[in-house]
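Have a look at the structure below, then the notes.
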Amino acid sequence: MATVVLDADGVLWAGIITYGDPVVPIAGIKAVLKELKKRGHALVVCSRNEETRLTAALAEHELIEYIDQAWASWGPKSTWFREYWAGGPTLFVDDNELNRAEIRALFPTVEILAVADG
């Protein structure tokens with residue numbers, strides 16, 4: 001099975017945690033995560049956020065039970081790949097073109113899925 005690496009703000013929910021926006025889960029995201037887990041995929045949240053805020057938002061919206069790892073840092077998302085990625089089939093889902101370009105350039109075997117920015 002594959003590893004699915006998801007951004008949080010703009011992918012799992014509308015709103016940006018750091019700005020204090022209300023976090024509103026994207027319609028149907030819980031069902032999507034549940035189905036991905038059912039199919040045996042590993043789910044990772046890779047977000048530019050504070051870890052405590054990210055974990056709290058995942059728990060508050062009952063998404064954390066589907067997540068295998070939640071990673072938050074103000075550094076580049078490639079850090080997660082360098083530290084934890086096992087090199088197997090992976091899908092990276094992000095709403096930010098700069099993040100997608102970074103992963104595309106450094107990890108060419110990773111599949112990239114763009115989510116509309118904003």
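The values are calculated or read from the model by the stated rules, or taken from the named source; none is laboratory data. Quantities reported herein were computed from a predicted structural model and do not represent experimental measurements. Positions of Cβ are generated from backbone atoms using ideal geometry, with glycine treated the same way; all protein chains shown enter the neighbour counts. Accessible surface areas use protein heavy atoms only, side chains included; no ligands, DNA or RNA. Shrake-Rupley method; radii C 1.70, N 1.55, O 1.52, S 1.80 Å.
For this structure, a couple of remarks:
- The amide H of TRP71, built 1.01 Å from its N in the peptide plane, has VAL45, CYS46, SER47 as neighbours under 5 Å, considering only residues 5 or more places off or on other chains.
- TRP85, TRP71, TRP13, ranked by accessible area, largest first (probe 1.4 Å): TRP85, TRP71, TRP13
- Near ILE112, the amide H atoms lying under 5 Å from its own belong to PHE92; only residues 5 or more places off or on other chains count, and H is placed 1.01 Å from N.
- Within-15-Å neighbourhood charge of LYS34 [Cβ basis; K, R +1; D, E -1]: 0
- Phi to ³J(HN,Hα) by Karplus 6.51 cos²θ - 1.76 cosθ + 1.60 over segment 106-112, Hz, x for Gly, Pro: 8, 9, x, 8, 7, 6, 10
- Per-residue HN-Hα couplings for segment 34-40 [Karplus 6.51, -1.76, 1.60; θ = phi - 60°; Hz; x = Gly/Pro]: 4, 5, 4, 5, 4, 7, x
- In the context of the full set of protein chains, residues of the chain present 54 Å² of accessible surface per residue (probe radius 1.4 Å, heavy atoms only).
- Tensor-based shape of segment 54-118 (alpha-carbon gyration tensor, a/c under 1.5 rounded, otherwise prolate or oblate): prolate
- Projecting the Cα atoms of THR79, ILE64, LEU36 onto the charge dipole of the chain (Cβ charges, centred on the Cα centre) puts LEU36 farthest toward the positive pole.
- DSSP bridge pairs, the chain: antiparallel proportion in percent, nearest 5: 10
- Cleavage-rule hits (GluC sites (Glu not before Pro)) in segment 6-102: DSSP loop, at most 12 neighbouring Cβ within 10 angstrom: GLU62
- Across the options CYS46, LEU6, PHE107, the greatest Cα extent toward the positive end of the charge dipole of the chain (unit charges at beta carbon of Lys, Arg, Asp, Glu) belongs to PHE107.
- Portion, in percent, of the accessible area of the chain that falls on carbon or sulfur, probe 1.4 Å: 57
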